[in-house]
Structures are given as structure tokens and as C-alpha cells.
Amino acid sequence: MTSDVIAQFKNVVKEYHTKNGTTIALNGVNLDISRNEFICVVGPSGCGKSTMLNMLAGLFPPTSGQVLFEGKEVEGTSIERGVVFQQYALFPWLTVRKNIEFGLKQIRVIDSNGKKKGLDKKEIDTTVDKYLNLVQLEDFANSYPKQLSGGMKQRVAIARAYAVNPQILLLDEPFGALDAQTRTQLQSELIKTWEQEKKTCLFITHDIDEAVILASRIVIMSARPGRIKDIVNVDIPHPRDQSTKMTEEYQKIKNYVWGQVYEEYLEVRK
Ligand SMILES: Nc1ncnc2c1ncn2[C@@H]1O[C@H](COP(=O)(O)OP(=O)(O)OP(=O)(O)O)[C@@H](O)[C@H]1O
Ligand SMILES: [Mg+2]
């Protein structure tokens with residue numbers, strides 16, 4: 001393994017056993033994720049995208065094969081691997097500021113006496129301010145989630161995930177429940193955030209436009225049992241913004257990915 005690889009799926013098979021029988025969700029997935037790359041995963045519903053992401057998050061192990069992070073088999077969740085789900089998983093009883101603070105309060109550092117301690121309050125406050133600013137929610141720091149719109153809640157979830165500075169961000173259709181305008185706005189913010197502070201991202205989406213504008217590589221999954229059908233390099237230079245969608249290279253990649261994904265949708269409908 002080269003040092004540039006941060007996470008790996010090696011011949012991963014995942015079966016779910018229920019009283020209605022066995023579902024083979026993934027059947028032989030191999031993928032190397034390089035440090036700081038932005039991978040988007042697309043593919044038909046039920047092809048195992050969330051299953052892949054959840055295994056890297058550490059929610060459950062594969063049935064066979066290996067899911068590795070920094071060369072070690074993933075065991076359980078860790079703040080090194082931040083997760084953003086489709087539905088805003090915020091703590092409803094905490095304000096925006098306290099929601100972002102939450103992860104930071106879990107961090108332990110070694111002090112000069114070799115003892116473990118939490119971060120200073122000042123450091124926590126500065127970090128929270130930085131991410132509130134990044135997602136433009138300074139004015140809502142003391143609001144509760146129920147007082148926010150869907151897009152704002154999702155911005156808090158993203159700020160919270162970024163604030164703890166995880167090694168990798170795992171995003172499962174984070175903008176799936178949003179209207180088109182808010183979605184476009186959050187895509188632009190995510191691009192800017194990634195350009196300012198490169199971070200390894202594994203991002204699942206059904207929206208091919210979203211995949212092409214965000215990704216450095218797009219992983220196309222086949223219909224269930226999920227396998228990797230194709231991997232497309234998105235060599236469109238940064239900085240990118242919504243006008244990038246007008247370029248010829250963008251259109252070319254989009255059309256190619258669309259064709260590949262469409263074949264799999266047809267497969268599901270057979
Ligand atoms: N906990 C579970 N128990 C049983 N089967 C499951 C479970 N979770 C997922 N599955 C099955 O595994 C397959 C893959 O599910 P998964 O959620 O990974 O798909 P997905 O690609 O994320 O789909 P979508 O695009 O709809 O979110 C599906 O057939 C699903 O029914
Ligand atoms: Mg899913």
C-alpha cells in the first residue's frame with residue numbers, strides 16, 4: 001500500500017440475513033481512496049452505496065474481505081471518520097453552537113505532562129466560530145435545530161463534521177432532502193470548503209450533476225449485488241463553481257456517467 005492511500009475496500013462482500021432471506025448487498029468491491037481526494041459514489045437504489053459508507057464509518061463489518069483505514073481494519077466508529085447523513089442528525093436539545101462543539105469536546109490531546117486532556121475552552125470557541133463562519137451561520141449560533149430550515153440544519157451537520165478535523169468525511173446523500181436552490185448553494189459551499197481545506201471525502205449521491213461538480217473521481221456501482229462498474233477521473237481544474245457546468249469537459253463527463261448509470265437503472269427494472 002502506498003502512503004497516499006488512506007482507505008481501502010479489499011474484495012468486500014456484505015450479506016444481510018433477515019427472516020425473509022439473504023440479501024447480497026455488495027459482492028467483491030475493491031477500491032483505494034487516496035488522501036485528499038473527493039470521491040463520489042453513484043448507482044441505482046439498493047446497490048449497496050450506504051452499506052459501503054457505513055462499513056468505513058465502522059457501523060458494522062463486511063461479511064468477508066476487508067475495509068481498511070490507514071492500513072488497519074476498521075473496528076467501530078471513530079472521530080477520525082466523520083459522518084454526515086441525509087437526515088439532519090443534530091441534537092435537538094442543543095443550540096447550533098453546542099451541536100458543533102459536541103464533537104470537539106470528545107477530542108483528547110496529550111499535555112506537556114503526558115496526561116490526556118480536553119481542548120481548551122478558548123480553542124473550542126475559536127474553532128466553532130471558524131466553522132460557523134464557513135457555513136455562514138454566525139447569526140444562528142444560539143438557535144435550536146427546530147428553528148432552522150432544512151438547508152441550515154444540513155450546514156450545521158457539515159460544520160460539525162468538519163470542526164473535529166476528521167481524516168475522512170463520509171457523506172451519505174447529505175443534500176438529498178433539500179430543494180434544488182439550497183442544494184446548489186450547499187454544493188458551492190462544499191466545493192469552496194474543500195478548495196480551502198482539502199480533506200478526503202466519500203460522498204454518495206443520486207445526482208450526477210452533483211457528482212461531477214464535486215468529485216475528483218466518480219465511482220459507478222452496478223445494480224445489486226453491488227460491484228464497482230467503472231471509475232471516472234474528473235480532471236476539471238479547481239476552482240470550480242456553478243459556471244463550470246457550462247464547460248464542454250463537464251458535459252462530456254456528465255454524459256458518460258449518465259450513460260453508465262442509466263444502464264444499471266435499466267438492469268434494476270428488468
Ligand atoms: N439492515 C439491513 N438489513 C437487511 N437488508 C439491508 C439492510 N440494510 C440494507 N439492506 C439491503 O442491502 C441492499 C443495499 O442497501 P443500501 O442501503 O446499501 O443501498 P443504497 O445503494 O444506499 O440505496 P439507496 O440509493 O436507496 O440509498 C438493499 O437491497 C437493502 O435492502
Ligand atoms: Mg443509501
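What distance in nm separates the two pseudo spin-label positions at residue 66 and residue 45, each 7 Å out from Cα along the beta-carbon direction?
Using points 7 Å along Cα→Cβ, the separation is 3.6 nm.
If you build a Gaussian network model of the chain, linking Cα atoms that sit under 10 Å apart, which residue out of 64, 216, 243 swings the most?
243
Give me, ordered by chain and number, the residues 5 or more places off residue 226 or on other chains with an amide H under 5 Å from its own placed amide H.
Distant-sequence amide H within range of residue 226: 26, 27.
With label points built 7 Å along Cα→Cβ from the Cα atoms of residue 180 and residue 121, find their separation and express it in nm.
4.9
Would you please put 39-47, 172-180 in order of how densely packed they are, using the mean number of other Cβ atoms within 10 angstrom per residue and starting with the highest? Walk me through the numbers on the way to the answer.
On the way: 39-47: 22.2, 172-180: 18.0.
Per-residue mean Cβ counts within 10 Å order the peptides as 39-47, 172-180.
Given DSSP loops and a limit of at most 16 other Cβ atoms within 10 Å, what is the longest stretch of the chain that contains no such GluC sites (Glu not before Pro)?
On the way: sites that count: 70, 75, 80, 197.
The answer is 81-196.
Which semi-axes, in whole Å and largest first, does the equivalent ellipsoid of the chain have when worked out from the alpha carbon gyration tensor as the square roots of 5 times its eigenvalues? Please report the intermediate quantities before stating the final value.
Working: eigenvalues 186, 111, 67 Å².
The answer is 30, 24, 18 Å, longest axis first.
With a cap of 14 neighbouring Cβ atoms within 10 Å, and only residues DSSP puts in a loop, list the chymotrypsin sites (Phe, Trp or Tyr not before Pro) found in segment 56-128. Don't skip to the answer; put the middle values down first.
Numbers: sites: 69, 85, 88, 93, 102; in loops: 85, 88, 93.
Sites meeting the loop and neighbour criteria: 93.
Over 18 Å apart: what share of the alpha carbon pairs of segment 92-165 falls there, rounded to a whole percent?
Here the long-distance tail beyond 18 Å is 37 percent of all Cα pairs in segment 92-165.
What is the gain in length, in nm to one decimal, between residue 35 and residue 243 on full extension, counting 0.36 nm per residue of separation less the C-alpha to C-alpha distance? Intermediate values should be presented prior to the final figure.
Values: separation 208, 0.36 × 208 = 74.88 nm, distance 2.70 nm.
Length gained between residue 35 and residue 243: 72.2 nm.
Starting at the first residue of segment 146-162, write each ³J(HN,Hα) from the Karplus equation 6.51 cos²θ - 1.76 cosθ + 1.60 with θ = phi - 60°, in whole Hz, x for Gly and Pro.
Per-residue couplings from phi come out as 5, 8, 10, 6, x, x, 5, 4, 5, 5, 5, 4, 5, 4, 5, 5, 5 Hz.
Based on alpha-carbon centroids, what's the gap between segment 167-201 and segment 1-72 in Å, whole number please?
Cα centroid to Cα centroid, the span is 21 Å.
Could you grab the relative contact order for segment 92-165? Cα pairs under 8 Å, six or more apart, rounded to a whole percent. Spell out each step's value before the answer.
Working: 80 pairs, mean separation 34.4, N = 74.
Normalised by residue count, the contact order of segment 92-165 is 47 percent.
Placing +1 on the Cβ of each Lys and Arg and -1 on the Cβ of each Asp and Glu in the chain, which of 43, 58, 30 has its Cα farthest towards the positive end of the resulting dipole?
Toward the positive end, the furthest listed residue is 58.
Pop the C-beta distance of residue 196 and residue 270 into the FRET formula with R0 = 51 Å and round what comes out to the nearest 0.05. Don't skip to the answer; put the middle values down first.
Values: r = 45 Å, r/R0 = 0.88.
In this case the efficiency is close to 0.70.
Taking amide H positions as placed 1.01 Å from N in the peptide plane, with prolines and chain starts having none, which residues 5 or more places from residue 200, or on another chain, fall under 5 Å of its amide H?
36, 169
Which length gain, in nm to one decimal place, applies between residue 24 and residue 130 when the Cα-Cα distance is subtracted from 0.36 nm times their residue separation? If you can, show how the numbers build up before the last one.
On the way: separation 106, 0.36 × 106 = 38.16 nm, distance 4.31 nm.
My answer for the length gained is 33.8 nm.
Here, each number is a calculation from the coordinates, and none is a lab measurement. Source: prediction; values computed, not measured. Cβ: placed from backbone, ideal geometry, glycine included. Neighbour counts: every protein chain shown.
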